[in-house]
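Participant: One structure, pasted below without further comment.
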Amino acid sequence: MFKLRILSQTKFLIKRTMSSQEADVLFETVNNAGIITLNRPKALNSLNTSMVEKLLPQLREWENSKNLVIIKGAGEKAFCAGGDVKLAMKKDEGPKFFHTEYNVNYLIGKYKIPYIAFINGITMGGGLGLSVHGRYRVATEKTTIAMPETKIGLFPDVGGSYFLPRLQVNLGLYLGLTGDKLKGKDVVKAGIATHFVSSKRLYELEKLLSRCYSDMEVQSLLNKFNEPPEEFSLAPNIKHINYCFAASTIEEIIERLEKVQNDWSVKTLEILHNMCPGSLKITMRALQRGAQLELPQCLKMEYRLAVRSTENHDFPEGVRALLIDKDNNPKWNPKTLADVTDDYVENFFKKLPDDRELKFFDAKL
């Protein structure tokens, strides 16, 4: 009897653990819509392998059975604060995570039905990968976006090399190198979001969207809810961003910033000096190349960079210094911009062995 009780308790515990693991992302059908909720609010809905492995098949299924998909984050703080970098930096787990995550980004980029992301709250890194490639992105007054990867020895991935160079007036290169944040209506002004809606109205918007049958209805409804943009907070420095970040090397960007000599340029110089030197040069090259490539090609290029980052010193070191030990004192190698040679950068871009390259789920054999 005692044995039986222990067994049933163990089964209950296993069952409970499994159900709590399954709850990291929720899928439900409401009227004509498939609704995804990223459900790790305590971790700001950051992505792990389990989540992306569930997203891919569900999105594929819904593309053929639903009229639209809505994706949102649980809780009030974040849509998705990015990928779980403590997991992503590992040589074994990292490539597996990136492989599935980039396949999700690829699918969103070519999704046939309306894909609407409610980017309410913090939306960084992988959170942008789950939203920016979709047809509609709804920002609110709580939205904060950033691509802060150069601070941890990485680069703006999840298609960052595709969407960042396509933003206006060199804004993408500025955001990708500095990790600067944009908030609220600025996110629409920058071209990251397509609409701005007050967070109080999201519930109502979701209910009405779920009843839409066509893209025309979706668009019309979003336009009704949309609030007009205000002046861009970066407007006073847009001409400086355009001038400084039109340079073809990091060193030249720094020279141009030194010439500007205002509060913004002093702050931007300080930020760049605190970033990983290798990451800055790799990011610059990735965005320069990405400007000429389509999203699938960008993701293939980024996958090579991501795999090599897990095998390199800087990414694990950046995660250690900022997120594990939190001493905020990363020991970068190469140590300075001058130490980052062209060969060092190019090695990251080299093709991987065939069996390690990024393969898309719908690739023809």
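The values are calculated or read from the model by the stated rules, or taken from the named source; none is laboratory data. Just so you know, these numbers come straight off a predicted model, no measurement behind them. Cβ placement follows ideal geometry from the backbone for every residue including glycine, while neighbour counts extend to all protein chains displayed.
Participant: Scan segment 179-189 and give yes if some residue there is surrounded by 24 or more Cβ atoms within 10 Å (Cβ to Cβ) and in contact with a Leu (Cβ under 9 Å, 6 or more places away or on another chain), otherwise no.
Facilitator: Among the residues of segment 179-189, not one is surrounded by 24 or more Cβ atoms within 10 Å (Cβ to Cβ) and in contact with a Leu (Cβ under 9 Å, 6 or more places away or on another chain), which makes the answer no.
Participant: While we're here: Report whether or not G129 is within 25 Å of R304 (Cβ to Cβ) and surrounded by fewer than 24 Cβ atoms within 10 Å (Cβ to Cβ).
Facilitator: Here the answer is no, as G129 does not meet what is asked.
Participant: Going through segment 149-173 one residue at a time, which ones are touching a residue at least 40 places away in the same chain (Cβ under 8 Å) and either surrounded by fewer than 23 Cβ atoms within 10 Å (Cβ to Cβ) or part of a loop (DSSP other than H, G, I, E, B) (or both)?
Facilitator: Hits for segment 149-173 are K151, G153, L154, F155, P156, D157, V158, G159, P165, R166, V169, N170.
Participant: Would you check if V188 is outside any loop (DSSP other than H, G, I, E, B) and under 15 Å from L128 (Cα atoms)?
Facilitator: When the stated conditions are applied, V188 passes them.
Participant: Could you list all residues from segment 320-345 that are within 16 Å of L280 (Cα to Cα) and either in contact (Cβ under 8 Å) with a residue 40 or more places away in the chain or among the polar types (S, T, N, Q) (or both)?
Facilitator: The answer is P330, W332, N333, P334, K335, T336, L337, D339, V340, T341, Y344, V345.
So that you can scan it fast, the table gives a plain yes or no per residue for (1) closer than 24 Å to I253 by Cβ; (2) surrounded by 12 or more Cβ atoms within 10 Å (Cβ to Cβ); (3) at pLDDT below 95:
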residue	(1), (2), (3)
G278	yes, yes, no
L295	no, yes, no
Y303	no, yes, no
D314	yes, yes, no
L322	yes, yes, yes
K350	no, no, no
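Participant: Tally time: how many residues in segment 258-296 are among the β-branched types (V, I, T) and either touching a Gly at 6+ places or on another chain (Cβ under 7 Å) or in contact (Cβ under 8 Å) with a residue 40 or more places away in the chain (or both)?
Facilitator: Total satisfying the criteria: 4.
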